[in-house]
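In what follows, a single structure is set out as structure tokens and then discussed.
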Amino acid sequence: MPKSKMLQSATKARRGTKYVPIADDLRERILNGSVTGKLANVPDLAKQFSTTQATMHKALTLLREEGLLHAITGRGTFVPPLRRPRSQSIGVIIYAPGGPLTEQMLAAIQKKSSSSRQRIAVEYSNGNPEDELIAGRQLVETHKVDGIISWASPNPRSLIDYLKQQRTPLVLVTENDNIPSNCSVVSNSRSGAASDLMTHLIAEGYKKIGFVTNRESQDADFSQHREAQYRRSLKAARLEAFDTCIINPLASNANAHDTAIRQLKEMEAVFCANDSIATGLAGICLNQGWRVPEDLAIVSFDNTYPARLLRFTSVDQHFEKAGEEAVKMLLDEIEGRRKAPARLDIPPELHIRSSSQRKE
């Protein structure tokens with residue numbers, strides 16, 4: 001049964017009780033936007049509606065049960081941004097199913113949402129702004145979510161504008177430095193993280209350093225950002241940059257890696273765009289009989305389980321923490337505890353391991 005009909009049925013069932021007309025009046029004011037933010041205290045509301053405090057309490061309790069009001073102990077009663085009853089569900093937009101970072105963040109969002117008695121609905125965007133908007137529409141119009149967490153595409157403007165029209169709270173999780181200022185953001189980006197990897201390699205004495213990616217990631221925003229920092233760091237150190245080395249670990253052709261291998265033979269160390277690429281490169285090294293780091297040092301991004309297992313130097317962007325904090329931030333907005341957009345920066349962390357440390 002639609003929620004509007006449920007509310008009508010509930011109201012009819014209570015018809016004849018003194019608090020129902022008061023709740024009806026206040027509900028209408030909330031839904032048409034004439035009542036927003038923090039409500040007056042109960043004694044003042046009782047005077048305004050010419051009723052007793054006990055009756056006013058009952059009217060407010062009914063509206064809280066419908067999700068139109070939210071009480072915060074010690075702070076008062078608030079009208080959440082949503083002008084409709086709560087569904088107790090959170091929408092999540094993720095790049096694509098699978099992948100260690102996706103699983104890390106989704107698991108954290110699910111755990112925190114469950115502990116807050118919220119359900120989640122998930123849609124995928126493939127990192128495409130158009131698909132991101134379609135996913136947002138699906139979550140709002142079909143799933144009726146109270147708010148959305150989106151692992152942001154490079155340009156989330158259309159999603160932001162649509163959700164503002166719908167009065168649906170949004171929290172972006174992004175590793176992009178160009179972050180919109182008109183919505184809440186959890187950022188696990190820091191331009192210095194890629195620079196820290198390069199500083200480490202240069203400090204270890206490596207001079208011939210390459211950048212390795214794969215065809216799937218070559219045009220991705222994260223890969224381009226990291227390669228740009230790779231080139232800036234080498235320029236600052238007055239070292240020569242190599243042409244981008246592209247590998248395809250899943251290729252079955254025996255000659256598929258010939259070009260990459262010729263490039264890699266000229267390098268002492270490589271910066272891989274992510275751990276998945278570094279893991280594929282480790283397989284190539286094994287087939288070639290190259291030792292890590294004696295013949296080729298490897299550093300990468302994401303600090304996933306394979307990176308820890310293979311002892312790669314890697315940057316951890318703490319996607320679990322980002323997911324958990326995004327849920328907290330979204331619920332604060334849904335429940336009216338915060339009105340202005342907020343930003344939380346989660347600093348990445350460099351883990352230096354044996355894959356890049358020169359042996360004495």
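Computed from phi, the 3J(HN,Hα) profile of the range 224-239 under the Karplus parametrisation 6.51, -1.76, 1.60 (θ = phi - 60°) reads 5, 4, 5, 5, 4, 5, 4, 6, 5, 5, 5, 5, 5, 8, 6, 10 Hz, with x in place of Gly and Pro.
Set Lys and Arg Cβ to +1 and Asp and Glu Cβ to -1, take the dipole of the chain about its Cα centre, and tell me which of 286, 323, 228 lies farthest positive. Final value for the positive-end residue is 323. Taken over the chain, the convex hull of the Cα atoms encloses 150 Å³ per residue.
Which GluC sites (Glu not before Pro) in the range 28-105 pass both tests, a DSSP loop state and at most 12 other beta-carbon atoms within 10 Å?
Numbers: sites: 28, 65, 66, 103; in loops: 66.
Passing both the DSSP loop test and the Cβ count: no residue.
Under the convention that each Lys and Arg Cβ holds +1 and each Asp and Glu Cβ holds -1, the size of the dipole of the chain around its Cα centre is about 1900 debye. For a paramagnetic label modelled on residue 42 (point 7 Å from Cα along Cα→Cβ), amide N atoms under 12 Å away belong, within the range 75-105, to 77. For the residues 63, 172, 45, a GNM of the chain with alpha-carbon springs under 10 Å puts the largest fluctuation on 45.
Considering only DSSP beta bridges whose two residues both sit in the chain, what percent are antiparallel, to the nearest 5?
Beta bridges within the chain, antiparallel portion: roughly 20 percent.
Quick note: the coordinates plus some simple rules give every number you see, no bench work behind them. Just so it is clear, the model here is predicted, and its values are computed rather than measured. Using ideal geometry, Cβ is built from the backbone for each residue, glycine included, and neighbour counts are taken over all protein chains shown.
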